[in-house]
Amino acid sequence: MARKSPETEHPVTAVGWAARDSSGVLSPFNFSRRATGDEDVMFKVLFCGICHSDLHSIKNEWGFSTYPLVPGHEIVGVVTEVGSKVKNFKIGDKVGVGCMVGSCHSCDNCTNNLENYCPQVKLTYGSTYYDGTTTHGGYSDLMVANESFVIRMPDNLPLDAGAPLLCAGITVYSPLKYYGLDKPGMHVGVVGLGGLGHVAVKFAKAFGAKVTVISTSPNKKDEAIQHLGADSFLVSHDQDQMKAALGTMDGIIDTVSAVHPLLPLLGLLTTNGKLVMVGAPDKPLELPAFPLLMGRKTIGGSMIGGIKETQEMIDFAAKHNIKAEIEVIPIDYVNTAMERLLKADVRYRFVIDIANTLKAA
Amino acid sequence: MAKNPEEEHPVKAFGWAARDSSGVLSPFHFSRRENGDDDVTVKIFYCGVCHSDLHVAKNEWGFTNYPIVPGHEIVGIVTKVGKQVQKFRVGDKVGVGVLVGSCKSCEGCQQDLENYCPQLVFTYNSIDCDGTKTYGGYSDVIVVHQRYVLRFPDNLPSDAGAPLLCAGITVYSPMKYYGMTEPGKHLGVAGLGGLGHVAVKFGKAFGLKVTVISGSQSKEVEAINRLGADSFLVTSDPAKMKAAIGTMDFIIDTISAVHPLLPLLSLLRLNGKLVTVGLPNKPLELPIFPLVLGRKLIGGSDAGGMKETQEMLDFCAKNNITADIELIKMDEINKAMERLAKSDVRYRFVIDVGNSLSHP
């Protein structure tokens with residue numbers, strides 16, 4: 001049986017930009033969205049953040065990409081249609097969608113508001129949805145999503161600078177809470193000052209922590225302290241600085257996804273200190289046993305967050321005036337943006353101005 | 001100029017020491033300090049043989065300062081108390097474990113976590129406050145500050161209870177800290193040796209379902225029939241390992257050699273905790289994806305503070321938990337060490353010091 005093409009598989013015309021192969025080069029792509037179902041919310045996309053995961057995916061660095069692939073899971077816009085059973089949203093509402101658009105709703109994880117850990121989770125792009133079609137993400141003009149996976153965007157949170165919170169924000173907020181690093185007076189380290197790292201600094205400060213940024217780039221120090229509000233800055237290859245900071249941090253959020261040594265970071269932790277990995281290097285890291293034991297330290301991971309917690313995070317951000325630092329770009333700049341992202345040349349998230357620059361084909 | 005071990009203190013002592021990284025132990029004359037105001041002198045009856053003793057005797061961790069007298073699972077009776085000592089009297093049955101000193105003022109010490117004090121003094125192979133080396137329990141007598149002496153419950157047998165002073169606290173402390181005391185949860189115990197077999201007993205006492213995870217089938221019958229484990233998983237059986245994926249809330253990893261972590265991490269369910277208490281002498285490989293995808297963690301733990309060690313002993317006395325031991329004579333120690341290196345012991349050697357350590 002012939003498969004329908006992306007343009008004809010659904011009734012609603014859509015346009016976006018997609019990668020066609022593992023070169024990762026994005027280009028205009030005509031496709032289609034499903035009709036708004038009873039529980040669905042359809043919205044016109046205004047902005048979409050560029051997450052480093054988008055870059056990993058378009059280049060098939062994790063090995064499971066299928067093409068064509070429309071990335072984007074930091075999507076914000078305005079509701080244009082709601083299904084008959086939708087309770088929480090109406091036309092005109094400002095909404096967002098993050099990394100997930102579906103889950104089983106019946107496993108323990110789903111029941112505990114941990115849809116992000118559901119074994120049947122449907123990702124916003126690159127997953128096979130319940131109707132057998134591939135999900136396409138937010139580098140596109142409109143989105144349709146089940147109401148359970150739609151986030152209300154508060155009025156006082158700017159949509160462009162709020163978009164990255166839907167992935168970067170929840171990715172650091174969830175572990176700060178889960179690992180108990182959200183108590184006033186704690187000392188929290190943040191490794192890596194990129195999309196995740198800069199938001200981690202802001203959340204940790206809002207929780208009342210003292211924040212130290214740990215980075216390989218000395219030139220980020222002034223920004224970290226003057227602009228982002230970090231209390232101090234450690235250059236990770238500076239032995240003297242690292243030695244002076246030994247045993248001083250209750251927790252560290254490690255956002256670095258390249259392979260890097262754990263030993264210096266373990267040394268920075270106090271007794272009972274926690275090193276939390278939110279970047280995921282694709283090769284194992286060396287774990288020396290002594291430093292872990294002699295200090296009762298832990299290394300834990302975390303991956304985005306459930307929908308309830310994502311909404312809580314967005315509301316917290318609105319209340320505390322936390323937004324991402326962004327560079328707004330037109331859609332046709334996206335390939336250049338990806339090249340710059342690869343070199344970490346962005347302060348600190350690109351956000352695509354979809355509404356003003358993505359034209360219908 | 002450093003005095004020789006026999007002369008540096010006024011009280012004669014005799015034990016067995018390793019002189020070099022062959023790890024071979026032989027008779028050794030040395031001395032103990034005069035019993036100070038806060039000290040307790042203990043005539044040693046039994047001393048457990050911990051795998052750490054073997055690591056240190058052979059300098060596997062790289063910081064052994066020979067000669068060393070190992071032994072940190074010590075049980076004996078009090079023969080002398082200093083005038084500031086109120087908790088102990090002559091004739092009391094007492095224990096000494098892994099540490100004999102700490103700074104007493106840091107955050108760790110103030111929170112009953114002397115085992116995490118940066119100035120920690122180990123029972124052997126450390127430098128004490130007076131600048132002299134500490135010698136452990138493969139000896140006839142030890143003098144210890146009262147803070148680091150434990151009251152040994154009367155109804156706990158001295159020989160089978162001795163290993164609790166290290167093996168016991170080493171698994172009890174993380175089981176409490178990492179929340180492994182919720183009845184009904186599922187605990188995996190990786191490695192069935194001195195630490196592992198005690199972890200199984202504690203796990204059952206806490207009301208957990210316990211699965212032993214082992215490299216070989218040979219220990220299955222014992223694990224289930226004698227130690228009370230609920231099930232047994234052989235890591236080299238792919239089908240059984242696959243069936244067990246995502247079923248455990250916690251794993252205590254007692255394996256002291258380098259070993260892969262990925263299979264253990266995969267056995268954990270969401271939010272699962274892998275706690276490592278063994279000390280391989282090379283780093284392990286830690287895959288990060290499983291931690292991130294399942295919000296799992298790996299944590300360490302190192303013995304326990306004095307208060308918790310006492311609590312553990314009292315818990316054992318109440319719940320009738322002791323180690324499974326093989327009692328040996330002092331002059332059998334080298335053979336015992338060879339067997340220990342091959343994990344050929346069910347499950348701890350204990351030296352009958354009182355009856356077999358004879359002065360030449």
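The values are calculated or read from the model by the stated rules, or taken from the named source; none is laboratory data. The model shown is predicted, which means the values in this text are computed figures rather than measured ones. Counting neighbours? That spans all protein chains shown, and the Cβs are built from the backbone with ideal geometry, glycine included. SASA here: full protein model, heavy atoms, side chains in, ligands and nucleic acids out. Shrake-Rupley method; radii C 1.70, N 1.55, O 1.52, S 1.80 Å.
Rounded to whole numbers, the Karplus 3J(HN,Hα) couplings from phi for the stretch A:167-179 are 10, 4, x, 5, 4, 9, 5, 4, x, 4, 7, 4, 8 Hz, using 6.51 cos²θ - 1.76 cosθ + 1.60 with θ = phi - 60°, and x at Gly and Pro. Taking the stretch B:343-360 and a reference point 7 angstrom along Cα→Cβ of B:S26, the backbone N atoms nearer than 19 Å belong to B:357-360. Less than 5 angstrom separates the built amide H of A:A344 from none of the residues sequence-distant by 5 or more or on a different chain.
Normalised by residue number, the volume inside the convex hull of the Cα atoms of the stretch A:161-312 is 108 Å³ per residue. Bin by bin, in steps of 20 Å, what percent of the Cα pairs in the protein assembly as shown do you find, going until the bin that has the longest distance? Final binned percentages: 17, 42, 27, 12, 2.
In the calculated pair distance distribution of chain B, what percentage of Cα-Cα distances lie above 26 Å? If you can, show how the numbers build up before the last one.
On the way: 31331 of 64620 pairs.
When every Cα pair of chain B is considered, 48 percent fall beyond 26 Å.
More than 19 angstrom separation, counting every C-alpha pair in the stretch B:167-300; what % is that? Taking all Cα-Cα pairs of the stretch B:167-300, the fraction more than 19 Å apart is 43 percent.
Taking every protein chain into account, the 1.4 Å probe leaves B:R346 with about 100 Å² of accessible area, to the nearest ten.
Restricting things to Cα coordinates, could you compute the convex hull volume per residue of the stretch B:1-84 in Å³?
Taking the convex hull of the Cα positions in the stretch B:1-84, it is 117 Å³ per residue.
Taken residue by residue and averaged, Cβ atoms of other chains lying within 10 Å of the Cβ of B:118-124 number 1.
Which one of B:L274, B:L195, B:L293 has the biggest mean-square fluctuation once chain B is modelled by GNM with Cα springs under 10 Å? Taking springs between Cα atoms under 10 Å, the residue moving most is B:L293.
Once you compute Rg and the Kirkwood Rh from C-alpha atoms, what is the Rg to Rh ratio for chain A? Working shown, then result.
Numbers: Rg = 20.4 Å, Rh = 20.9 Å.
The Rg/Rh ratio comes out at 0.98.
For A:K319, the lysines whose Cα falls under 18 Å of its own Cα, not counting residues fewer than eight places away in the same chain, are A:K94, A:K177, A:K183, A:K202, A:K205, A:K308.
Placing pseudo-labels 7 Å out from each Cα toward the beta carbon at B:Q217 and A:E81 gives an inter-label distance of 6.2 nm. A convex hull fitted to the Cα coordinates of the stretch B:66-198 yields 152 cubic angstrom per residue.
Taking a straight line from the alpha carbon of A:K274, these aspartates and glutamates sit under 17 Å away, with near neighbours fewer than eight places off in the same chain left out: A:D182, A:D250, A:D254, A:E286, B:D302.
Figure legend: label point modelled 7 angstrom from the Cα of B:R346 along Cα→Cβ; residues of the stretch B:195-233 with amide N under 15 Å from it are B:197-198, B:217-229.
Rolling a 1.4 Å probe over the heavy atoms of the protein chains gives the protein assembly as shown an accessible area of 40 Å² per residue.
The eigenvalues of the Cα gyration tensor, multiplied by 5 and square-rooted, give the stretch A:227-345 an equivalent ellipsoid with semi-axes of 30, 20, 16 Å from largest to smallest.
If you put +1 on each Lys and Arg Cβ and -1 on each Asp and Glu Cβ, how big is the dipole of the stretch A:295-361 around its Cα centre, in Debye rounded to 20?
On the way: 10 positive and 9 negative charges, 71 e Å.
That gives a dipole near 340 debye.
When the Gaussian network model of chain A links Cα atoms closer than 10 Å, the mean-square fluctuations of A:V346, A:V76, A:V191 top out at A:V346. Within the straight-line cut-off of under 27 Å between alpha carbons, the lysines reachable from B:K209 are A:K297, B:K176, B:K185, B:K201, B:K219, B:K240, B:K242, B:K273, B:K296, B:K318, sequence neighbours fewer than 8 places apart in one chain being disregarded. Ranking A:I58, A:T212, B:H359 by Cα position along the charge dipole of the protein assembly as shown, where only Lys, Arg, Asp and Glu carry charges on their C-beta atoms, puts B:H359 farthest toward the positive end.
The loop-placed trypsin sites (Lys or Arg not before Pro) in the stretch A:53-94, going by DSSP, that have at most 12 neighbouring Cβ atoms within 10 Å of their Cβ come out as A:K85, A:K87, A:K90.
Report, as a whole number in µm² per second, the diffusion coefficient that Stokes-Einstein gives for the stretch A:34-146 at 20 °C and 1.002 mPa s using the Kirkwood radius over alpha carbon pairs.
Details: Rh = 14.6 Å.
Answer from the Stokes-Einstein relation: 147 µm²/s.
For B:G101, the residues whose amide H sits under 5 Å from its own are B:V121, ignoring neighbours fewer than 5 places away on the same chain, with H placed 1.01 Å from N.
The contact between chain A and chain B removes approximately 3100 Å² from the accessible area (both sides summed; 1.4 Å probe; ligands, DNA and RNA excluded). The mean number of Cβ atoms from other chains found within 10 Å of a Cβ in peptide B:294-306 is 6, as a whole number. Distance between the pseudo-spin-label points of A:N335 and B:K87 (7 Å out from Cα toward the beta carbon): 7.3 nm.
On average, how many beta carbons from a partner chain sit within 10 Å of the beta carbon of a residue in B:275-286? The partial results should precede the final answer.
Values: counts 4, 4, 2, 2, 5, 4, 2, 3, 10, 7, 5, 10.
Partner Cβ neighbours, averaged per residue: 5.
Accessible area, 1.4 Å probe, largest first: how do B:D159, A:D40, B:D331 sort? Can you show the working numbers first?
Values: B:D159 45, A:D40 15, B:D331 105 Å².
Putting B:D159, A:D40, B:D331 in descending order of accessible area: B:D331, B:D159, A:D40.
Taken along its principal axes, the alpha carbon cloud of the stretch B:240-360 reaches lengths of 61, 34, 27 Å, longest axis first. Here the label points at B:T247 and A:D93, each 7 Å from Cα along the C-beta direction, are separated by 4.3 nm in the simple model.
Restricting the stretch B:306-343 to trypsin sites (Lys or Arg not before Pro) that sit in a DSSP loop and have at most 16 other Cβ atoms within 10 Å of their own Cβ leaves B:K329, B:K342.
So what is the calculated 222 nm ellipticity per residue for chain B, using -39500 (n - 2.57) for each DSSP H run with n of 4 or more, over all residues, to the nearest 500 deg cm²/dmol? Mind dumping the intermediate values first?
Details: 11 runs with 83 residues, N = 360.
Computed ellipticity for chain B at 222 nm equals -6000 deg cm²/dmol.
Each residue of the stretch A:130-145 was assigned a 3J(HN,Hα) from its phi angle through the Karplus expression (A = 6.51, B = -1.76, C = 1.60, θ = phi - 60°), giving 4, 8, x, 8, 7, 6, 10, x, x, 7, 7, 7, 8, 10, 10, 9 Hz with x at Gly and Pro. A Förster radius of 30 Å combined with the Cβ-Cβ distance from A:T128 to A:H320 puts the calculated FRET efficiency at roughly 0.20.
Annotation: amide H of B:K296 within the under-5 Å range of A:G301, B:N271, sequence separation 5 or more or interchain, hydrogens built in the peptide plane. In the elastic network of chain B, a GNM with C-alpha springs shorter than 10 Å, the most mobile of B:P153, B:P183, B:P238 is B:P238.
Taking Cα centre as origin and charging only the Cβ of basic (Lys, Arg, +1) and acidic (Asp, Glu, -1) residues, the dipole magnitude of chain B rounds to 720 debye. Our coupling estimate for the stretch A:274-279, obtained by passing each phi through the Karplus curve with A = 6.51, B = -1.76, C = 1.60 and θ = phi - 60°, is 10, 9, 10, 8, 10, x Hz, Gly and Pro reported as x. Charged side chains reduced to their Cβ positions (Lys and Arg at +1, Asp and Glu at -1) give chain A a dipole of some 420 debye around its Cα centre. For the stretch A:72-105, the residues whose backbone nitrogen is under 12 Å from a point 7 Å from the Cα of A:D38, taken along Cα to Cβ, are A:83-86.
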